[in-house]
1. Taking the alpha-carbon set of the stretch 35-80, what are its Rg and Dmax in Å?
2. Tell me, what is the FRET efficiency for residue 94 and residue 146 to the nearest 0.05, using R0 = 22 angstrom and their Cβ-Cβ distance as r?
3. Could you give the DSSP H helices of the chain that reach 30 angstrom or more along their long axis (alpha carbon positions) and whose average Kyte-Doolittle hydropathy is no lower than -0.5?
4. Which translational diffusion coefficient, to the nearest whole µm²/s, is obtained for the stretch 60-201 from the Stokes-Einstein equation, given a Kirkwood hydrodynamic radius over C-alpha pairs, 10 °C and 1.306 mPa s?
5. How big is the accessible area of residue 241 in square angstrom, nearest 10, if you roll a 1.4 angstrom probe over the protein chains?
6. Quote the relative contact order of the chain in percent (integer), defining contacts as alpha-carbon pairs under 8 Å separated by 6+ residues.
7. How big is the stretch 183-247 by the Kirkwood estimate over distinct Cα pairs, in Å?
8. Per residue, how much accessible area does the stretch 58-163 show when a 1.4 Å probe rolls over the protein heavy atoms, in square angstrom?
Amino acid sequence: MTYIIKDDPMGYARMYGYVESSSNVPSFYKEKYEADANKYWDKFYKNNSTHFFKDRHWLEREFHELVASPGEEMKKVLEVGCGVGNTTFPLLQRNQHLSFSSFDFSKVAVDHLKANPMYETYSERCNAYVYDIAKDELPDNIPLHSFDFAVIIFVLSAISPDNMDNAVKRIHRCLKQGAFVLIRDYAENDMAQQRFEAKPKSSRLDDNYMVRGDGTLSFYFPLTFLDSLFTKNGFKVIESKIVEKDA
């Protein structure tokens, strides 16, 4: 007798070998992960609070543009995908000449950031709010052509490749002439991607595009893809490289 077993939304039936692995997650589930991306990140932050990611003190080493010079005027930073403040607060502490407009599409993450006592300490230089730059038009509290920097740290990888153009176009509209975009994200063949590839392909949405067990998305960038994403939307690439490992 032959039993037909349909797969479940998280792919466990394939994972444990009850059904044949297909090359990608079925399109129905892929669309669900993408449509509900903020909900999966809300759940992530409910489960992990502020304890999962470490503060990114390496930022001033990698991006010397964010370190103040004597007599420097105040610089405005658009922080795309602020999470719980692991980028925001170290930079506010390090450079008194930076002011932040910080947003994330996870309300739970923004609530955690605003509950941090440092948010009140730096309230004159930081405003955090909920916004999905990949799906929604720019809100009134993000003035056009007014920011000196856009900081995008491990954020683009959580956006569907189909929506990345929209996000980058909106970022471009926010920046002054000559502003900098500072990015750090997952590269193609990252160790995390290799771990995905070593498992049954129930986690694969498309080339270099995976879904974690908690439903959050992760894209692994070839440098040519990332460079093209920005140049075709009005940017000039000054430096683009693979960082093998943080010291």
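1. 16.0, 46
2. That gives a FRET efficiency of 0.50.
3. Details: long enough: none.
Within the chain not a single helix satisfies the rule.
4. Translational D for this selection: 99 µm²/s.
5. For residue 241, the solvent-accessible surface is approximately 110 Å².
6. Rounded, it is 21 percent for the chain.
7. Values: mean 1/r = 0.0761 Å⁻¹.
Answer for the stretch 183-247: a Kirkwood hydrodynamic radius of 13.1 Å.
8. Solvent-accessible surface per residue comes out at 44 Å².
The values are calculated or read from the model by the stated rules, or taken from the named source; none is laboratory data. Quick caveat: nothing in here was measured; it's all calculated off a predicted structure. Methodologically, a virtual Cβ is constructed for each residue, glycine included, from the backbone with ideal geometry; neighbour enumeration extends over all protein chains shown. Side chains are part of the model used for accessible areas, which takes the heavy atoms of the whole protein and leaves out ligands, DNA and RNA. Shrake-Rupley method; radii C 1.70, N 1.55, O 1.52, S 1.80 Å.
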